[in-house]
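Comments concern the structure below.
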Amino acid sequence: MEANAKPKVTHSATQNALRESLPNAGQETTPPMTPTLTVEFLARLESHKRILFKVAYLYCRDRDDRQDLVQEMLIQCWRSYERFDGRVQFSTWMYRVAVNVAISHFRHEGARIRDTVPLEDYGLDIAAADALFDDAGDNMRALRQLIDGLDELNRALILLFLEGFNSEEIAAVVGISASNVSTRINRLKTKLQAEFNSQGQPT
Amino acid sequence: MNLTLDDLKTEWLARDRQLESSLRMNTLLLRETLLEKHGARMGRVRAGDVSQILFTIPFLAFFGWFIAHHLDQPAFLIPAVLLQVWTVAMLALGIQQRSGLRALDYSRPVVALQGEIEQIKIARLTTFKWAFLTGQLLWWIPFLLVVFKALGVDLFTVSAFMPRFIAWNIAFGIAFIPFALWASKLLVGRLGGSARFQKFTDGIAGSDVVVAREFLGKLARFEQDVAAR
């Protein structure tokens, strides 16, 4: 898997690499995140930012909701980063945070009051990515249709399967056994197949 | 055509590669915004805690003083003690639940964290429900008894009618608890107009708790090893 294959980013390497591009790094921040951790987090985020978009895509059909969710995931990842201890790979850690935020967001969608600012104001522009995924072929529409019929927990399984995680890795993110993951993924495969058999190519 | 989940995975990974170049990130702007947002959010959180404590302190001090001066008068001591216990309990539960939410570790495995969130939600909803149901009882006649007594007026002796009025009001307040529970359950899902009022009746009826418990059950079922069954 691409994300997991990345070499582990060390604190000092990230810090040195980014200090040059961030002239005032280290001069201002508020607890609990130190300047070093913030710089380090942003360096890691740069190489894993796709995770936020992909999780949001699977949990939100509406573009505005997707932007809200990316924002929430981004903030939660940043706030949680000081607890990241390297025991799991950064990508695994980030999937956990993002999926947890997405499930909470998904469950309270009706009750939420939008009070967020445009995502571009955060320095993260996902418009082109939206266009990429919205310009979907038949297969992506079929995937969308499958996902829409799944609950919040099975969406996480599908996402991680599509990302190329194996059963053990999915189990580590979701918190269930690897055999349970395998069985559930097989069921989802069967479900998809049954839908195709009954409907033909989804529209 | 025979489409499988593995085909979709291939399609997904192909788009993933294009996604890398589509998503743009301005690191400097993002860093500044995160710091600014974090500062504003923490400010609101601190203000919430401090304002609840500041609001509660005068009541705690007043009830404490009142209790100390009316230890030999059970008719006034009991309402004051109940009010004091209610106030302390609400303050403690509020702080405990807020700090519980702040301490949530979103990097824990999904099933574990979602279960924790749901437990906190159930605790908050239950607190709200019983704060309202007991509050309507305590913060009416018992509170008036204590306040007037502190001002030197014994409400029991104001008129011959007053003891009966007090007794009836307390009885009504107690009877209101099962009535409110029953009425809320009756109204759940029937109010189309006000979302806030609907939320309120959901809270009293406990339907939000039911939803939260159902999700906990769903998490437990999801966690069960289906392969072993």
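If a residue has to be over 21 Å from B:Asp16 (Cα atoms) and surrounded by 18 or more Cβ atoms within 10 Å (Cβ to Cβ) to count, how many in segment A:163-182 make the cut?
8
Restricting segment A:147-201 to residues that are more than 7 Å from chain B (Cβ to nearest Cβ) and not in a helix (DSSP H, G or I), which is farthest from the chain's Cα centre (by Cα)?
Here the residue is A:Gly200.
Scan segment A:130-145 and give yes if some residue there is surrounded by fewer than 19 Cβ atoms within 10 Å (Cβ to Cβ), aliphatic (A, V, I, L, M), under 17 Å from B:Phe222 (Cα atoms) and at the interface with chain B (Cβ under 10 Å from one of its Cβ atoms), otherwise no.
no
Which condition number does A:Leu119 fail, the rest of (1) more than 9 Å from chain B (Cβ to nearest Cβ); (2) more than 30 Å from B:Leu35 (Cβ to Cβ); (3) touching a Leu at 6+ places or on another chain (Cβ under 9 Å) being met?
Status for A:Leu119: all satisfied but (2).
Any residue at all in segment B:83-92 that's among the small types (Gly, Ala, Ser) and surrounded by 15 or more Cβ atoms within 10 Å (Cβ to Cβ)?
no
Report whether or not B:Thr157 is of a type in the set (S, T, N, Q), under 30 Å from A:Val99 (Cβ atoms) and more than 14 Å from chain A (Cβ to nearest Cβ).
For B:Thr157, the condition - of a type in the set (S, T, N, Q), under 30 Å from A:Val99 (Cβ atoms) and more than 14 Å from chain A (Cβ to nearest Cβ) - is not met.
Residues of segment B:77-113 being of a type outside the set (Phe, Trp, Tyr), farther than 30 Å from B:Thr134 by Cα and touching a Lys or Arg at 6+ places or on another chain (Cβ under 9 Å), which ones?
B:Asp105, B:Ser107, B:Arg108, B:Pro109, B:Val110, B:Leu113
For the condition assigned to a helix (DSSP H, G or I) and in contact with a Phe, Trp or Tyr (Cβ under 8 Å, 6 or more places away or on another chain), what is the one hit in B:Phe63, B:Phe76?
B:Phe76 is the lone residue from the list that is assigned to a helix (DSSP H, G or I) and in contact with a Phe, Trp or Tyr (Cβ under 8 Å, 6 or more places away or on another chain).
Let me spell it out: the conditions are (1) of a type in the set (A, V, I, L, M); (2) within 14 Å of another protein chain (Cβ to nearest Cβ); (3) in contact with a Leu (Cβ under 9 Å, 6 or more places away or on another chain); (4) free of Cβ contacts under 8 Å to residues at least 60 places away in the same chain, and B:Val45 meets all of them except one. Which number is the exception?
Looking at each condition in turn, B:Val45 falls short on (3).
Looking only at segment B:2-42, which residues are in a loop (DSSP other than H, G, I, E, B) and either closer than 27 Å to A:Leu160 by Cβ or of a type outside the set (S, T, N, Q) (or both)?
Passing the criteria: B:Asn2, B:Leu3, B:Thr4, B:Leu23.
Can you pull out the residues in segment B:5-27 that are at the interface with chain A (Cβ under 7 Å from one of its Cβ atoms) and of a type in the set (S, T, N, Q)?
B:Gln18, B:Ser22, B:Asn26, B:Thr27
Within segment B:155-178, count every residue that is without any contact (Cβ under 8 Å) to a residue 24 or more places away in the chain and either surrounded by 15 or more Cβ atoms within 10 Å (Cβ to Cβ) or not basic (Lys, Arg) (or both).
Count: 15.
Do we have A:Phe106 as at pLDDT 80 or above, at negative phi and in contact with an Asp or Glu (Cβ under 8 Å, 6 or more places away or on another chain) here?
yes
Taking segment B:109-120 as the search range and keeping residues that are surrounded by fewer than 21 Cβ atoms within 10 Å (Cβ to Cβ) and out of contact with any Leu (no Cβ under 7 Å at 6 or more places or on another chain), which one is farthest from the other protein chains (Cβ to nearest Cβ)?
B:Gln119
Please determine, by comparing only the residues of segment A:49-101 that are under 17 Å from B:Leu104 (Cβ atoms) and more than 10 Å from every other protein chain (Cβ to nearest Cβ), which one is surrounded by the fewest Cβ atoms within 10 Å (Cβ to Cβ).
Going through the qualifying residues, I end up with A:Glu82.
In this structure, is A:Arg144 touching a Leu at 6+ places or on another chain (Cβ under 7 Å) and not in a loop (DSSP other than H, G, I, E, B)?
no
Out of curiosity, is B:Phe59 in contact with a helix residue (DSSP H, G or I) (Cβ under 6 Å, 6 or more places away or on another chain), under 26 Å from B:Gln96 (Cα atoms) and not β-branched (Val, Ile, Thr)?
In short, yes.
The values are calculated or read from the model by the stated rules, or taken from the named source; none is laboratory data. Model, not experiment: these values are computed from the prediction. Please note: Cβ atoms are built from the backbone with ideal geometry, for glycine as well, and neighbour counts cover all protein chains shown.
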